[in-house]
Structure formats: structure tokens, C-alpha cells
Amino acid sequence: MAGHFLLFLILFYGLVFIIWIGAVVRLVGAIFSIRLRTLIAARPVLHCLWFFAALLVTAAVFLAPRLLLRPHTSRVRALVTMSALRMACKAYQVEYNSLPSSDNAAIIKSLHGANPRKIVFLELPKRDINSAGEAIDPWGTPYRFVLQDRQTPSIRSAGPKHIFNDEDDLVFEPEAVFEPSSH
């Protein structure tokens with residue numbers, strides 16, 4: 001997948017380079033009335049249109065990667081936030097020998113400093129908290145916290161479809177414990 005995207009970018013930038021060279025040659029020819037074999041019948045208006053077309057393609061080149069990579073950016077942001085939430089819950093657990101309450105808003109409140117010692121374990125940006133005080137994913141749905149056996153927090157995002165327990169959910173599970181093998 002990454003190879004296809006790289007090939008696409010190389011071809012796209014190559015096309016833009018060729019269009020720019022053509023636009024510059026035509027514009028210079030039009031401005032200085034240089035008569036090249038390909039420019040004999042061309043008109044200055046066409047040269048200007050060619051130049052503006054090259055500008056539009058260049059603008060598209062700079063916007064295309066942002067638009068193509070945007071869905072992945074939201075997923076990464078959700079996973080980073082879930083990781084930070086889990087680490088803050090684990091830090092809370094180390095400090096108080098228990099996890100915060102299982103309600104999203106209560107957990108966020110506890111992690112933001114509403115705990116017995118007023119310790120701030122995590123500060124989320126305002127864009128990641130809704131009006132009810134719940135931590136929300138990049139698509140606006142509150143995260144679901146599952147505190148299994150009050151020891152291991154698991155955090156779930158509903159994903160872009162806003163529906164829990166379907167194929168686009170993001171789940172941040174506790175790490176598996178690996179025993180070192182003796183060789």
C-alpha cells in the first residue's frame with residue numbers, strides 16, 4: 001500500500017514538473033516573443049492559460065497528500081489519546097492502589113486533578129473533551145472504558161462510523177505479558 005502511494009506521488013510530482021517546464025517555456029516565449037518551432041502558432045493568451053493550469057495543478061499537489069492522509073491522522077490521534085488515557089489510569093492506580101471510577105466523565109475528572117491528593121495525571125486538549133466532561137475520539141464519540149477486574153484498563157473508540165462493536169472500532173487493550181525465553 002505504501003509502495004503504491006509512493007509511486008503515485010512520484011508520478012504526480014513528475015507530471016507537475018513537466019507541466020511547469022512547459023508553462024515556463026510558453027510564458028517566456030510569449031513575453032519575449034521567442035519563436036520556437038512549437039510556439040510559432042501559439043498565442044499569448046494560451047500561454048497564460050497554460051501557466052495558470054500549472055498553478056492549479058501545483059496547488060492540487062500540495063493539497064492531495066493532506067486530503068489523502070487525513071483519515072489515518074484521525075486514527076493515529078485516537079490511538080495516541082487512548083494510550084495517554086491508559087497510562088494516566090495506570091499512574092492513578094500506582095498512586096491510589098485502584099483505578100478511577102468506570103464512568104468516562106468521572107475518570108477524566110479524577111485524572112484532571114479531582115482526586116484526594118489533587119494530582120493531575122493527564123490534561124487533554126479542550127477539543128478532546130465534550131460538554132459532559134467526557135473524553136471523546138476525533139470523530140466526537142465518547143471513549144468507552146472497560147476496567148477489567150479493576151486492574152487492567154481497556155479503552156475503546158467507536159471509530160469513524162460512531163457505532164461501537166463494529167469493524168472500524170479502535171481498541172487499546174492492555175499489553176500482553178511475555179516471559180523471556182531461556183536459550
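Data table
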read-out: Of all residues in region 108-118 being among the aliphatic types (A, V, I, L, M) and within 18 Å of Ser83 (Cα to Cα), the one that is surrounded by the most Cβ atoms within 10 Å (Cβ to Cβ); value: Ile108
read-out: Residue in region 56-66 that is of a type in the set (Lys, Arg), at pLDDT 85 or above and closer than 23 Å to Asp168 by Cβ present; value: no
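Table: residues versus (1) touching a Ser or Thr at 6+ places or on another chain (Cβ under 9 Å); (2) surrounded by 13 or more Cβ atoms within 10 Å (Cβ to Cβ).
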{"residue": "Pro100", "(1), (2)": "yes, yes"}
{"residue": "Asp103", "(1), (2)": "no, yes"}
{"residue": "Ala106", "(1), (2)": "no, yes"}
{"residue": "Val120", "(1), (2)": "no, no"}
{"residue": "Arg127", "(1), (2)": "no, no"}
{"residue": "Gly140", "(1), (2)": "no, no"}
{"residue": "Ser154", "(1), (2)": "no, yes"}
{"residue": "Ser157", "(1), (2)": "yes, yes"}
{"residue": "Asp166", "(1), (2)": "no, no"}
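The values are calculated or read from the model by the stated rules, or taken from the named source; none is laboratory data. This one's a predicted model, so the numbers in the text were calculated from it and none came from an experiment. Glycine gets a Cβ as well: all are built from the backbone with ideal geometry, and neighbour counts include every protein chain shown.
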